[in-house]
1. What do you get when you divide the Cα radius of gyration of the chain by 2.2 N^0.38 Å, with N the number of residues?
2. Please list, ordered by chain and number, the residues whose modelled amide H lies under 5 Å from the amide H of Val93; skip anything fewer than 5 residues away on the same chain.
3. What distance in nm lies between label points placed 7 Å from Cα along the C-beta direction at Glu12 and Glu109?
4. At 1.4 Å probe size, put Ser111, Ser38 in order of accessible surface, largest to smallest.
5. Taking θ as phi - 60°, what are the ³J(HN,Hα) couplings along segment 24-34 by the Karplus curve (6.51, -1.76, 1.60), each to the nearest whole Hz, with x for Gly and Pro?
6. For Asn86 and Asn48, what does the FRET efficiency come to when R0 = 22 Å and r is the distance between their Cβ atoms, rounded to the nearest 0.05?
7. Please find, in a Gaussian network model of the chain (springs between Cα atoms separated by less than 10 Å), the residue of Gln25, Gln46, Gln79 whose mean-square fluctuation is greatest.
8. Once both labels are modelled 7 Å past Cα along the beta-carbon direction, what's the Asp24-Met96 spacing in nm?
Amino acid sequence: QTQCIFDMERFERFMEMVRERGIDQRVHILAGVTPMKSWRAAKYIQNNVSGMIVPDDLVERLKNAEDPKREGVEICIEQIKYIKENIKGVHGVHVMAIAWEEVVPEIVERSGLYPRPQK
């Protein structure tokens, strides 16, 4: 299971290396995603949480949003859809809605994870 992923390009490069080594065939990788409530939360993670990279454009998107919480949910849903459609080798996602658990059902349904996808 990864930490919260905010930089999809970097995660794609990581997964490329994982696939090159065949690791995705030996383990199930869960991508961690987190809806953020505000640009301040994104900025805090960007500046203070080691190992998590939050792109500036994501911070600005939240900062410029009319409703930052709604935008945070939208970004999370977009990220899940992007991972599902574009990044091979990921076996699932872990939605980490820190102190905001009530948004998980909406995120899961709107991202196409419920009902559970069939192979």
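1. For the chain, the normalised Cα radius of gyration comes out at 1.06.
2. It is Ala31, by chain and number.
3. Each label point lies 7 Å from its Cα, and together they span 3.1 nm.
4. The residues order as Ser38, Ser111, largest area first.
5. Result, rounded to whole Hz: 5, 8, 10, 9, 9, 9, 9, 8, x, 10, 9.
6. For Asn86 and Asn48, the calculated efficiency is 0.15.
7. Judging by the Gaussian network model, the answer is Gln25.
8. Placing both labels 7 Å beyond Cα along the Cβ direction yields 2.1 nm.
The values are calculated or read from the model by the stated rules, or taken from the named source; none is laboratory data. Keep in mind that what you see is a predicted model, and the values were worked out from it rather than measured. For neighbour counting, all protein chains shown are included, and Cβ atoms are generated from backbone atoms with ideal geometry for every residue, glycine included. Side chains are part of the model used for accessible areas, which takes the heavy atoms of the whole protein and leaves out ligands, DNA and RNA. Shrake-Rupley method; radii C 1.70, N 1.55, O 1.52, S 1.80 Å.
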